[in-house]
1. Would you mind listing the helices (runs of 4 or more DSSP H) fully within region 141-208 where at least 2 residues are over 17 Å from ALA222 (Cβ atoms)?
2. Based on what the data block shows, is VAL352 closer than 27 Å to LEU200 by Cβ, surrounded by 14 or more Cβ atoms within 10 Å (Cβ to Cβ), at pLDDT 95 or above and in contact with an Asp or Glu (Cβ under 6 Å, 6 or more places away or on another chain)?
3. Of everything in region 279-334, what is out of contact with any Pro (no Cβ under 6 Å at 6 or more places or on another chain), within 11 Å of ILE350 (Cβ to Cβ) and in a loop (DSSP other than H, G, I, E, B)? Give them in sequence order.
4. Scan ALA255, ALA271 and give me the residue that is over 30 Å from THR29 (Cα atoms) and touching a residue at least 60 places away in the same chain (Cβ under 8 Å).
5. Is it the case that some residue within region 215-224 is under 19 Å from LEU55 (Cβ atoms), open to solvent by less than 40 Å² (accessible area, probe 1.4 Å), part of a loop (DSSP other than H, G, I, E, B) and not aliphatic (A, V, I, L, M)?
6. Scan region 98-140 for residues that are among the charged types (D, E, K, R), modelled with pLDDT under 95 and assigned to a helix (DSSP H, G or I) and jot them down.
Amino acid sequence: MITCRLCGSEELAGVVDLGATPPCELFLTAEQLAAPEPTYPLHLRVCTQCWLAQLPPLITPEETFTEYAYFSSFSTSWVEHARRFVDGAGLRPGSFVVEVASNDGYLLQHVVERGVRCLGIEPSANVGRAAVEKGVPTLTAFLSPELGQRVRAEHGPADLVVANNVYAHIPDVVGFTKGLRALVADDGRVSIEVQHLLTLMELNQFDTIYHEHFQYYTVASAQRALAGGGLHLVDVELLPTHGGSIRLWAQPGEAPVSQRVVDVLAQEKAAGLHELSGYQDFAARVAKVRRDLLRFLIDAADAGKTVVGYGAPGKGNTLLNYCGIRPDLLAYTVDRNPYKHGRFTPGSRIPVLAPERIAADRPDYVLVLPWNLRDELVEQLSYVREWGGRLVFPIPRLEVVG
């Protein structure tokens, strides 16, 4: 029996079933192409008691994050987003900042530049090494209540704890939240950025559903999750990152919630996300995205047009596998991360090459897989127009620009 990981209820309703796919960041080497590739069901459900949208924990964080293919600093817009956050965080010379899932130091490097004491906690050893090379002190570990207490005892309580794009990646929601509580000072703050389920639903962002994301939050469900670990939501910001995110501000002590919390809760309720009605047509809209994209790719192939991809993000692998796209429809994709070069996308087995290959081959169309970085990538790929090439964005609906 599948039960809700937040409240334990057995009343879970299906939202969308994307079939079975491999873990989205397990890129294959050429030698692995001849070996079996495990796949796992990708069926999003929502708890009708606490309204946490979730996937069953079919893989463990250790399987995904011990060695990881995602390096945050390859997105210049994301590094700039982190810099602006640090600029506005009100840090003082005596402050202590801890970031959980600190990746390659994309955010804490800005804290180090200000001479403020900090510590990154990053489970992926290969990514954490990149942070250390930038001068960011980094502990290789998964956060738990026990680790939080140990870090607090060794380094002191943190004035600010940051957890960006990790609150969806942990199956033990309450335990992780207790770890955050252990890290933060009694008068400190916790900042959590996570994709907003409201925009995921409204903008057909089904490709952000993959196995390393165990849950998807409304402000209402996040408020319950934080309270389960001893933190109280006091404010929320709506952000454009990752197609639409929320920045949750929480603290140990109880305090009135801001008007922004009240307003976003009202938006969610108006969209039907605090009841089952808001989830019932999502699967049909997702199926239309698939049909439209496949129709475009098949028509392009029949017309002798060349289509390649840009980017190899985890979300792209959900899209490719759900749509059944293979190298006959997408010859290859490119990525700025050298770790992925010469490898193949999981499941769809599309080659991943260096970005320079696009200019060399001059394809007719470039399918942009990290559509959430649209502004950044339209600028990066402006050279495609030199030979009449066009960019294709699959989500929230098929759009061909150029």
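1. Values: elements: 145-155, 173-183, 197-202.
Those helices (runs of 4 or more DSSP H) span 145-155, 173-183.
2. Values: closer than 27 Å to LEU200 by Cβ: yes; surrounded by 14 or more Cβ atoms within 10 Å (Cβ to Cβ): yes; at pLDDT 95 or above: yes; in contact with an Asp or Glu (Cβ under 6 Å, 6 or more places away or on another chain): yes.
Considered against the rule, which asks whether it is closer than 27 Å to LEU200 by Cβ, surrounded by 14 or more Cβ atoms within 10 Å (Cβ to Cβ), at pLDDT 95 or above and in contact with an Asp or Glu (Cβ under 6 Å, 6 or more places away or on another chain), VAL352 comes out as yes.
3. Hits for region 279-334 are ALA312, ILE325, ARG326, PRO327, ASP328, LEU329, LEU330, ALA331.
4. Numbers: ALA255 fails: touching a residue at least 60 places away in the same chain (Cβ under 8 Å).
When all the criteria are applied, what remains is ALA271.
5. yes
6. The answer is ARG129, GLU133.
One line per residue, one yes/no per condition, for (1) open to solvent by 40 Å² or more (accessible area, probe 1.4 Å); (2) in contact with a Leu (Cβ under 9 Å, 6 or more places away or on another chain); (3) under 30 Å from LEU367 (Cβ atoms):
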residue: HIS211; (1), (2), (3): no, yes, yes
residue: GLY229; (1), (2), (3): no, yes, no
residue: GLU237; (1), (2), (3): yes, yes, no
residue: PRO240; (1), (2), (3): yes, no, yes
residue: TRP249; (1), (2), (3): no, yes, no
residue: GLY253; (1), (2), (3): no, no, no
residue: VAL257; (1), (2), (3): yes, yes, no
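So that you can scan it fast, the table gives a plain yes or no per residue for (1) open to solvent by 10 Å² or more (accessible area, probe 1.4 Å); (2) in contact with an Asp or Glu (Cβ under 8 Å, 6 or more places away or on another chain):
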{"position": "ALA130", "(1), (2)": "yes, yes"}
{"position": "GLY135", "(1), (2)": "yes, no"}
{"position": "LEU139", "(1), (2)": "yes, yes"}
{"position": "LEU143", "(1), (2)": "yes, no"}
{"position": "VAL161", "(1), (2)": "no, yes"}
{"position": "ASN165", "(1), (2)": "yes, yes"}
{"position": "PRO171", "(1), (2)": "yes, no"}
{"position": "LEU180", "(1), (2)": "no, no"}
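The values are calculated or read from the model by the stated rules, or taken from the named source; none is laboratory data. Worth saying up front: this structure is predicted, and the values here are computed from it rather than measured. All Cβ positions, even for glycine, are placed from backbone atoms using ideal geometry, and neighbour counts span all protein chains on display. Just so you know, the surface numbers come from the protein's heavy atoms only, side chains and all, with ligands and any DNA or RNA stripped out. Shrake-Rupley method; radii C 1.70, N 1.55, O 1.52, S 1.80 Å.
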